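Just so you know, all these numbers are worked out from the coordinates, no wet-lab data involved. Keep in mind that what you see is a predicted model, and the values were worked out from it rather than measured. When we count neighbours, we look across all protein chains shown, and the Cβ atoms used for this are built from the backbone with ideal geometry, even at glycine.
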Amino acid sequence: MKKRFFAILLMAMTALIVSACGTSKTSDTSGTGSEAGKKELRVVTDAAYAPFEYMEGDKIVGFDIDFLKAVAEEAGYKLKIEHVGWDPIFVEIKSERADIAISSITINDDRKQTYDFSLPYFLSTNKILVREDSDIKSAADLKGKVVAVQNGTTGQEAMDKLLGKNNEDIKKFENNNLAIMEMMSGGAAAVVADNGVVEVYAKNNPKEKLKVIEDSGSFEAEFYGLLFPKGTELKADFDKAIEKVFENGTYEKIYQEWFGQKPNMEKLKEAQKASK
Ligand code: ARG
């Protein structure tokens, strides 16, 4: 009883913090080197997806943020990064109120119809986060179980496919932290989300006794890209800059800093070639 109350309290607090961030329009104007005369771009993100993009106090930080700053520096642009939430990202880009979105956004055919993507910059796959004592060993074991996902993500898409669209066992949340809270409070048996996120969460929260299940037969390899309005002139500049930071070692350095290991450069370069 007490535990349940605490979990609900935590959830309410998170919701409060998240909505507070949304309304205060947290922003961060980055700046290194000579900024004079550079065009400032409005960048939108959902900063509730550590370690890729998340709030540290009122600052937006993460792998994606460091990567984009390096690329923008190379391309000669200034950035103003705002946390707007996941669904609003797509509204802001479609309406061209924002120039770029970065948010661990998977490049897929569905999104490509409405948006432009940069070259792929990150290799990812969905994985399953469960309690250490869970008997779930694969995606197939999720059938008949309640699964929490972030609404409108490839994690949701994978569950729609596996369990059936509109299946009530798929609980959808506005951000991924709320999905994890739901599992922690006993409202779901698992969370399906990007491996980088669930692996870091399980590792950083050992007291919560969680484990991560991989199922490469059920979850495809995915690549993240920068999201632009369709027809943007920025794509050419940013693609060139991405290639540069891949070549000059900057990408590997940032990757190593955040993940403590080397990226799979071969697979990434292959995907970049294929997307041209
Ligand atoms: N890679 C997944 C997708 O594109 C999930 C991304 C969620 N990102 C976030 N910042 N919440 O659907």
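Things worth noting here:
- Length-normalised contact order of the chain in % [C-alpha pairs under 8 Å, at least 6 apart]: 25
- Simple spin-label estimate for Q113 and A140 gives 3.2 nm between the two label positions (7 Å along the Cα-to-Cβ direction from each Cα).
- Extending 7 Å from Cα along the Cβ direction at K203 and again at E35 yields two label points whose distance is 3.2 nm.
- Contact order normalised by residue count of region 170-276, Cα under 8 Å, 6+ apart, percent: 9
- Unsatisfied cross-links (Cα-Cα over 25 Å) in the set K59/K269; K161/K203; K127/K171: K59/K269; K161/K203
- Each other residue within a Cβ distance under 11 Å of E40 adds +1 if Lys or Arg and -1 if Asp or Glu, for a net charge of +3.
- Using a Förster distance of 25 Å, the FRET efficiency for V91-N167 (Cβ separation, nearest 0.05): 0.40
- Three-way shape call for region 133-202 based on the alpha-carbon gyration tensor, with the a/c threshold at 1.5: rounded
- Prolate/oblate/rounded label for region 57-129 (Cα gyration tensor, a/c 1.5): rounded
- Prolate is the label for region 140-276, because the ratio a/c of its alpha-carbon gyration tensor axes (a ≥ b ≥ c) is 1.5 or higher and a/b is greater than b/c.
- Cα-based convex hull volume of the chain per residue, rounded to whole Å³: 136
- Radius of gyration, Dmax [region 25-157; alpha carbons; angstrom]: 17.1, 58
- Where GluC sites (Glu not before Pro) fall in DSSP loop in region 52-104, at most 14 other Cβ within 10 Å: E96
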